[in-house]
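Remarks on the structure that follows.
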Amino acid sequence: DDFQGPDLISNGSLDSANDWNIFQISGGVEVELAAGVAKWSGGGWGNAGLWQQIEFEANKEYQINMDVSGGAMSDCWFEVFVGTVQPQEGVDYSDGGILMGINTWEGCGSELFSGQLTDVACVGDGGSLSWPMDGTAFFVIKSGGNDLGEGVTVDNIAIRSL
């Protein structure tokens, strides 16, 4: 494990809903925080997200990772962002660009998957980033699409300096 610094994510183990905010972008997909995990389920071209405010130190390299499982998705996405815009109800999120994710059009998520997102992802740049200044940012995960199948379950979310 190359992680060295403290975890910027509070309650990354998802033992409760503390420190996390759920936002609905469009109906049909839900995010539930229960039993120590976050789980996206549904479909109907809905889209929902989970976010947390974090504090970066300037010019450090960071790595994002988390445990993910799910599959049997059809026409779906699961995407991770770090941006400067706070997520809002009813508004799609794309600030900062997709750092890593699962996307059935790009070749992952249709089959069952389980493991670290860095190993499962087929979009983005592997979840590493350098933040240019000290200050606040927003860590965002969103998922949605036509049919999330088994759903996407997440646990042990971390952002650590390298």
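Pairs are defined by a Cβ separation below 9 Å, a sequence spacing of at least 6 or placement on different chains, a first member in region 35-47 that is within 20 Å of GLY12 (Cα to Cα), and a second member that is modelled with pLDDT of 95 or more and basic (Lys, Arg); the pairs so defined are TRP40/LYS142. Residues that are surrounded by fewer than 19 Cβ atoms within 10 Å (Cβ to Cβ) and small (Gly, Ala, Ser) were ranked within region 12-27; the one that is nearest to the chain's Cα centre (by Cα) is SER13. The single condition from (1) surrounded by fewer than 18 Cβ atoms within 10 Å (Cβ to Cβ); (2) more than 17 Å from TRP40 (Cα to Cα); (3) out of contact with any Asp or Glu (no Cβ under 6 Å at 6 or more places or on another chain) that LEU99 fails is (1). Taking GLY71, is it of a type outside the set (Phe, Trp, Tyr) and within 16 Å of the chain's Cα centre (by Cα)? Considered against the rule, which asks whether it is of a type outside the set (Phe, Trp, Tyr) and within 16 Å of the chain's Cα centre (by Cα), GLY71 comes out as yes. With respect to the conditions (1) more than 19 Å from ASN156 (Cβ to Cβ); (2) part of a strand (DSSP E or B), TRP51 falls short on a single one, namely (1).
Of GLU79, GLU89, all but one fail to be surrounded by 18 or more Cβ atoms within 10 Å (Cβ to Cβ) and acidic (Asp, Glu); the exception is GLU79. Comparison of LEU162, LEU112 shows that the only residue that is modelled with pLDDT of 95 or more and at negative phi is LEU112.
Residues in region 35-56 that are closer than 20 Å to GLY126 by Cα and over 13 Å from the mean Cα position of the chain (by Cα) were compared, and the one that is modelled with the lowest pLDDT is PHE56.
Taking residues in region 87-112 that are under 16 Å from LEU50 (Cβ atoms), and partners anywhere that are part of a loop (DSSP other than H, G, I, E, B) and among the β-branched types (Val, Ile, Thr), the pairs with Cβ atoms closer than 7 Å and at least 6 places apart or on different chains are ASP95/THR84; ASP95/VAL85.
The values are calculated or read from the model by the stated rules, or taken from the named source; none is laboratory data. It should be emphasised that the depicted structure is a prediction, and the values quoted were computed from it without experimental measurement. Note that we place each Cβ from the backbone using ideal geometry, even for glycine, and neighbour counts take in every protein chain shown.
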